[in-house]
Amino acid sequence: MRFGAHVSSSGGISKAIDRGLAIGCESLQVFTHNPRTWVPIRHKPEEIAAFRAKAAAAGMGPLVSHGLYLINLGAPDREQPTGPPGKPATRMRNFYRSSVESLVQHLEIGEALGLEGVVLHVGSSRGDTLEGAVERIGAGIREALDRAPGACAVFLENTAGAGDTVGRTFEQLRMVADAAGGGPRVGFCLDTQHLFASGFPVHEPGGMDGVLEDFDRIVGIERLRCLHLNDSKVPFACNRDRHENVGDGEIGEDGMRNLLGCPALQGLPVVLEVPGDGDGPRAEDLARARALHAEALALRA
Ligand SMILES: [Zn+2]
Ligand SMILES: [Zn+2]
């Protein structure tokens, strides 16, 4: 496993590598966009070059980004009223088209930075049928991959199962992969908190092994490209997305030992998206995850 974390890229994208190194990351996840606005950041060429040079010097990788939270490729393809949060709508936006444009931008900057993939929430149907949403998500990914050639892939993330989100079952993930053309640039990122909240027993002895056998049968294990390692603030199967520091939540240390030893996970980048003290993952969070991983392997030996 290549343990890493989601780190801030404020003050210039290359500072993310410094922050990752300071807490002991071997892999890394960053935002290449401000996650709460559609307006892309104009990364300076010297920042992009510095990001690549520092990552290479540190031997850090795989590197991934997380797509901005506004992207919803499942949204209906039509103009809808929009405005500032909590205020009356002031103008119209086609959220589907904005999402495709933003994904193209994410893939282009991802390619420039040498990222392996862009982690993306699959999307939500916003009241439309599941089939309609899956069709739009697939078409949107195909368009974005066509317009942004290169190696940088899309890694679709399973959801915690809230509301009308797509991607809470492996059958749904498979439908989306097929709709997206199923090529090598379509992969998946599984989040341990989202699995737990969706009712997958990842915390039980042998639980993750069974979950990944199902994933392999339904989706294909070669499509699993990244793991988000988060504990859960909320109980099993409650369909809510609330991350806790690894070992401190409802999955707990025993649950983490059960899942971290799973053979099918061993080659993956493992990204912590935990609160830390409120400022994100700390060195001690990575150290604890590594210690639990070592204990998990010893238990299986
Ligand atoms: Zn995640
Ligand atoms: Zn989450």
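No value in this document is a laboratory result; all are computed from the given coordinates. If you're wondering where the values come from, they're calculated on a predicted model, not measured in any experiment. Here the Cβ is made from the backbone with ideal geometry for all residues, glycine too, and neighbour counts use every protein chain on show.
Below are the figures for this structure:
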item	result
Under 5 Å, built H, 5+ apart or other chain: amide partners of Gln80	Arg93, Asn94, Phe95
Dipole of the chain [Lys/Arg +1, Asp/Glu -1 at C-beta], most positive-end residue of Leu28, Gly12, Thr159	Gly12
Net charge contributed by nearby residues that have their C-beta within less than 13 Å of Glu204 (K/R +1, D/E -1)	-2
Three-way shape call for region 71-172 based on the alpha-carbon gyration tensor, with the a/c threshold at 1.5	oblate
Helix-only mean residue ellipticity at 222 nm for the chain, each DSSP H run of n ≥ 4 adding -39500 (n - 2.57), per residue, nearest 500	-12000 deg cm²/dmol
Region 282-298 - phi-based ³J(HN,Hα) in whole Hz, Karplus 6.51/-1.76/1.60, Gly and Pro as x	10, 4, 5, 5, 5, 5, 5, 4, 5, 5, 5, 5, 4, 5, 4, 5, 4
Cβ-derived FRET efficiency at R0 22 Å, Asp178 paired with Glu213, nearest 0.05	0.60
Cysteines in the chain that, by Cβ-Cβ distance, have no pairing candidate under 4.7 Å	Cys25, Cys152, Cys238, Cys262
Residues with amide H under 5 Å from that of Ala153, placed H, sequence gap 5 or more	Gly117, Val118
Global geometry of region 185-224, whether rounded, prolate or oblate, following the gyration tensor of its Cα atoms and the 1.5 cut on a/c	oblate
For Asp191, residues with placed amide H under 5 Å, excluding near neighbours	Asn158, His228
Radius of gyration, Dmax [region 2-300; alpha carbons; angstrom]	18.5, 59
Whether region 133-267 is rounded, prolate or oblate, judged on the alpha carbon gyration tensor where a/c under 1.5 counts as rounded	prolate
Residues Asp128 and Ala287, FRET efficiency given R0 of 41 Å [Cβ-Cβ distance, rounded to 0.05]	0.35
DSSP beta bridges in the chain [antiparallel fraction, %, rounded to 5]	20 percent
Within the chain, longest stretch clear of exposed chymotrypsin sites (Phe, Trp or Tyr not before Pro) (DSSP loop, no more than 16 other Cβ within 10 Å)	70-301
Positive-pole candidate from Cys262, Ser232, Pro149, dipole of the chain, charges at beta carbon	Pro149
Charged-residue dipole, Cβ positions (Lys, Arg, Asp, Glu), region 5-122 about Cα centre, Debye nearest 20	460 debye
Among Ala50, Cys189, Met175 the positive-end extreme of the charge dipole of the chain (Cβ point charges)	Ala50
Electrostatic dipole magnitude of the chain [Cβ: Lys, Arg +1; Asp, Glu -1; Cα centre; debye, to 20]	900 debye
Modelled FRET efficiency - R0 41 Å, Ala57 with Ser98, Cβ distances, 0.05 increments	0.65
Region 130-233, dipole about Cα centre (Lys/Arg Cβ +1, Asp/Glu Cβ -1), debye to the nearest 20	340 debye
Set of lysines near Lys54 by C-alpha distance (under 26 Å), chain-local residues within fewer than 8 positions excluded	Lys15, Lys44
